[in-house]
Amino acid sequence: MESLNKRETGAVVEGKAALFLEKNGYIIKERNFRGKFGEIDIVASVPGEKLLVFVEVKAKERASGIHPFEAVDEKKQRKIITASKEYMASRRIEDCFIRFDVVGVILEGGEVSSIEVATDAFQCF
């Protein structure tokens, strides 16, 4: 992935994150929702639950010393929450619970080394 630009790398990482989520029981509803107020990387559901999961995918090189979860600060959380409200309004979704997860992707030399999920990583304020 080293020869890819930032956008291309992001697409590859998000694709691997989506596959990881599917293997862990998530059902991917939509990817890369773009609204007026921001973007949601992945919108998913959980089988048997009236639950919509908004997923932020973050990748960081291990050598940076910064864990991907640290990159989802309060400002980013607010943008995701606002975009999730826009998503729900645009799809006329009213009758479900919501959750915000973060997928952290660790890269080593531009290649995916590990993927982990922070379930219910933050709440609406």
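Read-outs: derived from the displayed coordinates by stated rules, not from any lab. What you see is a predicted model; the values in this text were computed from it and never measured. Using ideal geometry, Cβ is built from the backbone for each residue, glycine included, and neighbour counts are taken over all protein chains shown.
Projecting the Cα positions of GLY109, THR82, GLN123 onto the charge dipole of the chain (unit charges on Cβ atoms of Lys, Arg, Asp and Glu, taken about the Cα centre) puts THR82 furthest along the positive direction. To test your reading of the geometry: what angle, between 0 and 90 degrees and rounded to tens, separates the Cα axis of helix 6-23 from the longest principal axis of the chain? Around 60 degrees separate the two axes.
Tell me the net charge near VAL117. Cut-off is 13 Å between Cβ atoms, VAL117 excluded, with +1 for each Lys or Arg and -1 for each Asp or Glu. Once all neighbours under 13 Å are counted, the net charge is -2. For the listed residue pairs LYS36/LYS60; LYS50/LYS76; LYS6/LYS50; LYS23/LYS50; LYS23/LYS85, the alpha carbons are over 23 angstrom apart in LYS36/LYS60; LYS50/LYS76; LYS6/LYS50; LYS23/LYS85. Basic side chains Lys and Arg get +1 at the Cβ, acidic Asp and Glu get -1 at the Cβ, and with that the dipole of the chain about its Cα centre reaches some 460 debye. Under the simplified labelling scheme, the GLU116-THR82 pair shows an inter-label distance of 3.0 nm, with each label point 7 Å from Cα along Cα→Cβ.
Taking only Cα atoms, what is the 0 to 90° angle, nearest 10, from helix 74-90's long axis to the longest principal axis of the chain? The angle comes out at about 50 degrees. The aspartates and glutamates within cross-link reach of LYS75, meaning a Cα-to-Cα straight distance under 20 Å and a gap of 8 or more places when in the same chain, are GLU39, ASP41, GLU56, GLU86, ASP101, ASP120.
Applying a DSSP loop filter and a limit of 11 other Cβ atoms within 10 Å to the trypsin sites (Lys or Arg not before Pro) in the stretch 47-101 leaves LYS50, ARG92. For the stretch 6-122, the spread of Cα positions along the three principal axes, ordered from largest to smallest, is 43, 29, 24 Å.
Restricting the chymotrypsin sites (Phe, Trp or Tyr not before Pro) of the stretch 27-121 to loop positions (DSSP other than H, G, I, E, B) with no more than 15 neighbouring Cβ atoms within 10 Å leaves PHE37. Loop-located GluC sites (Glu not before Pro) across the stretch 18-125 with a Cβ neighbour count of 16 or fewer within 10 Å are GLU49, GLU94, with loop assigned by DSSP. Between ILE42, ASN24, CYS96, the Cα set farthest toward the positive side of the dipole of the chain (charges on each charged residue's Cβ, about the Cα centre) is that of CYS96.
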